[in-house]
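Here the structure is laid out as structure tokens; the discussion comes afterwards.
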Amino acid sequence: MARKKRIPTNAECVPFFDEPALPMTREEMDARGWDEIDVLLISGDAHVDHPSFGVPLLGRWLVQHGFRVGIVAQPKWNDTTDFTVMGAPRLFVGVTAGTIDSMLAHHTTFKKKRSDDQYTPGGRAGARPNRASIVYTNLIRQAFPGIPVVIGGVEASLRRATHYDYWSDKIRRSILLDSKADLLVYGMGELAILDIARRLDTNPPGPGYTPETLHGIPGTTFALPSLEALKSASYAPKDDDDLVVLPSYDDIMADEKALMKATLSLERQAFQGVRWAAEKCGNRLIAIAPPARLLTTEEMDLLYSLPYTRIPHPVYTEDIPAAKMIQFSVTSHRGCAGSCSFCSITMHQGRTITSRSADSIKKEVKTITEHPQWRGSITDVGGPTANMWGSYCADDPSTCKRADCLTPNPCKHFKTNEGEQVELLNSLRDMDGVKHLRISSGIRYDMAEDGGEYIKSLVNDYVGGQLKIAPEHMSDKVLKLMRKPKFEKFEKFLSLFQQQSCDAGKEQYVIPYLISGFPGCTDEDMQELSAWLKERNWKPQQVQCFIPTPGIVATAMFYASIDQYGRDIYVARDQTARLRQHRILMPSHGKPVKRPKAREFGKGRKKSYAGQR
């Protein structure tokens, strides 16, 4: 009998490429021949050298362009010791709370502390502080006085203006002001961070340096004394049509509905990409430059071809759950044309799809098959939505007035090609060394053509028995607030999926993602959804109670009890109402588990509760 091949541990695994992960210690700097670093990147996540982790990706991008980068991952925050292990950077320090907002990383939708963190060795909770961007920045100021600090990532991106914070139930001002950082990068930061590094390389910190050196970079936010200071700057908007003045912090504090106006204005700016935004906060002005341009296909290909080891840094001796999950996944594109009101992707990645070339994706898969930990399975090829690779807008997005490219019906200017997508997947599946290829990003079922090539291929070759789909609800009233298609489209897709599975001779299932407690959703709406599920003998494995994360339209709905058009809606705001809705689909959620008595296991047996939870 053949012996099963032992997979090397993280510490044993020889780096995938000749170049190891970016340094975390002085010894690793010495091994590279670096006497100092140009840029120090601080992350609330563990250091996983994979393109799905933002800090290693940006670090590799900067190194590719000639800068020396060190990474400090999940530093202790009781003193500055962990921040100074590689010395002061020559140019600046970049800070991110990690892949998700630090408050969301620590707390559930019902404001309970989480017991785990998927981005930490061993999956342990508590490796990053609450409001990590603020805490880290304050410590860096102590460690490196005079060095510019730039914050970025999802936490900073979604909190770039005045926002509602669910966990404190308060309106908070821009995180730029609370952190006292020099600059905030929002969205995908490759171009902005490279511009920052180049500007500071020309005018480094020290005599003659002023914060204005970094002002005006697309995709950034910075503070000014007044609106007049913005209009008089060299990078100023050309005319009033290029500038939208948001409701001020005081306006939003005085009128809940002003948050909706501000959120919709920022959403429009993120999509159209041509206007400045400005918001007064006390005696300061928050200036939000237009978004950075999207990466070209060639730039995307370069970014994802860099020598990632696809494993955690060798310093870790325990597995990092998120690293294992995405190790052999492939990012094919960015952005989502869906713009669901509860999702932050549009505000961070944008609504326009940017895709890698098919050749680039094939080269990455070929390289993956040579990895020492490779077992034969590509776990995903996709992005925010798997079947949007290669999609594009045939019109001018800067003039578009739609809130969403797909609802209530797909826009005639939104173009996609199912044939090319299927051809790409088939070519990857047939590569030497690839035993399995799965699609796990999720798909937009309202994009799939009836009986089209994509669905047939998906059902026959790329669904591993279960397909995760996000109808979210069945009430058309609630779905409209979510910016999701009518429920009849999901039912139509479900029938199509079942028929295709039957024709293929496969027993396969759809796993629906559902949301409870969404703004505008009543108990009656949840009862209706529950009845629909019971008719089909579906027992949902997981239901997400709506989480009002900062900076999104649905959160403004939650806070102000209005829809995006200013009409009043019902909102289950307090925890009792939210939990009541949740329990309609998940009856046992939050209830204590009844322990069986010893006699229930048979006379004379010892108590044993294993597996009863």
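Couplings for segment 554-569, taken from phi via the Karplus curve 6.51 cos²θ - 1.76 cosθ + 1.60 with θ = phi - 60°, read 5, 5, 5, 4, 4, 6, 9, 6, 9, 8, 5, 9, x, 8, 5, 9 Hz in order; Gly and Pro are left as x.
Spacing of the modelled spin labels on Ser398 and Trp34, each 7 Å from Cα toward Cβ, amounts to 3.8 nm. Take the alpha carbon gyration tensor of segment 17-90, find the square roots of its eigenvalues, order them as a ≥ b ≥ c, and report rounded if a/c is under 1.5; if not, report prolate when a/b exceeds b/c, else oblate. Oblate shape, in that a/c is at least 1.5 and b/c is the bigger or equal ratio. Applied to segment 536-550, the Karplus parametrisation 6.51 cos²θ - 1.76 cosθ + 1.60 on θ = phi - 60° returns per-residue 3J(HN,Hα) values of 9, 6, 8, 10, x, 6, 8, 10, 8, 6, 3, 10, x, 6, x Hz, with x for Gly and Pro. Here the Karplus curve 6.51 cos²θ - 1.76 cosθ + 1.60, taken at θ = phi - 60°, turns the phi angles of segment 315-322 into couplings of 5, 8, 10, 10, 5, 10, x, 5 Hz, with x standing for Gly and Pro.
Placing R0 at 30 angstrom, the Cβ-Cβ distance between Ser495 and His436 gives a FRET efficiency of 0.65 after rounding to 0.05. Counting only Cα atoms, the size of segment 328-462 along its three principal axes is 49, 33, 26 Å, in decreasing order. Working value for segment 466-590: equivalent-ellipsoid semi-axes of 28, 17, 12 Å, each the square root of 5 times a Cα gyration tensor eigenvalue, largest first. In this structure, the pairs whose alpha-carbon distance is over 29 Å, taken from Lys412/Lys477; Lys76/Lys362; Lys257/Lys401; Lys415/Lys489; Lys257/Lys484, are Lys76/Lys362.
Look at the alpha carbon pairs under 8 Å that are at least 6 residues apart: their mean separation over the length of the chain gives a relative contact order of 12 percent. Cα-Cα pairs above 22 Å in segment 156-309: how many percent? Taking all Cα-Cα pairs of segment 156-309, the fraction more than 22 Å apart is 44 percent. Look at Asp301, Asp319 and count the other Cβ atoms within 10 Å of each Cβ; fewest to most, that gives Asp319, Asp301.
For Cα pairs less than 8 Å apart in space and 6+ apart in sequence, what is the mean separation divided by the residue count of segment 391-515, i.e. the relative contact order in percent? The normalised contact order for segment 391-515 reaches 27 percent.
For segment 26-288, the ratio of Cα radius of gyration to the globular rule of thumb 2.2 N^0.38 Å stands at 1.01.
Give me the Kirkwood hydrodynamic radius of segment 462-512, using the inverse of the mean 1/r over all pairs of distinct Cα atoms, in Å to one decimal.
Values: mean 1/r = 0.0848 Å⁻¹.
Roughly 11.8 Å, rounded to one decimal.
Residues whose amide H lies under 5 Å from that of Ile511, counting only those 5 or more places away or on a different chain, are Leu467, Lys468, Ile469; hydrogens are built 1.01 Å from N in the peptide plane. With the convex hull of its Cα atoms as the shape, the chain has an orientation-averaged projected area of 31.5 nm². The stretch between Arg293 and Glu212 holds 27.0 nm of extra length on full extension. This uses 0.36 nm per residue minus the Cα-Cα distance. Among His65, Phe271, Val135, pick out the residue whose Cα is farthest towards the positive end of the charge dipole of segment 26-288, where Lys and Arg carry +1 and Asp and Glu carry -1 on C-beta, about the Cα centre. Result: Val135. The label-point distance for Arg198 and Ser427, in a model that sets each label 7 Å from Cα toward Cβ, rounds to 3.1 nm.
Asp476 to Lys363: FRET efficiency via 1/(1 + (r/R0)^6), r the Cβ-Cβ distance, R0 60 Å, to the nearest 0.05? For Asp476 and Lys363, the calculated efficiency is 0.85.
Between amide H atoms placed 1.01 Å from N, distances below 5 Å from Trp276 occur with Leu243, Val244, all of them 5 or more places distant or on a separate chain.
Measuring how big segment 421-478 is from its alpha-carbon positions, Rg and Dmax come out at 13.7, 49 Å. Hydrodynamic radius of segment 55-181 by the Kirkwood approach over all distinct alpha-carbon pairs: 15.5 Å. Relative to the current alpha-carbon distance between Glu535 and Leu302, full extension at 0.36 nm per residue lengthens the span by 78.8 nm. Extension gain, Lys506 to Tyr235: 0.36 nm times the residue separation minus the Cα-Cα distance gives 91.6 nm.
Under the simplified labelling scheme, the Arg114-Glu528 pair shows an inter-label distance of 3.3 nm, with each label point 7 Å from Cα along Cα→Cβ. Its Cα centre serving as origin, the chain has a Cβ charge dipole (Lys and Arg +1, Asp and Glu -1) of approximately 2980 debye.
Only the coordinates and a few stated rules stand behind these numbers; no lab work does. Keep in mind that what you see is a predicted model, and the values were worked out from it rather than measured. Cβ atoms come from the backbone with ideal geometry, glycine included; neighbour counts cover every protein chain shown.
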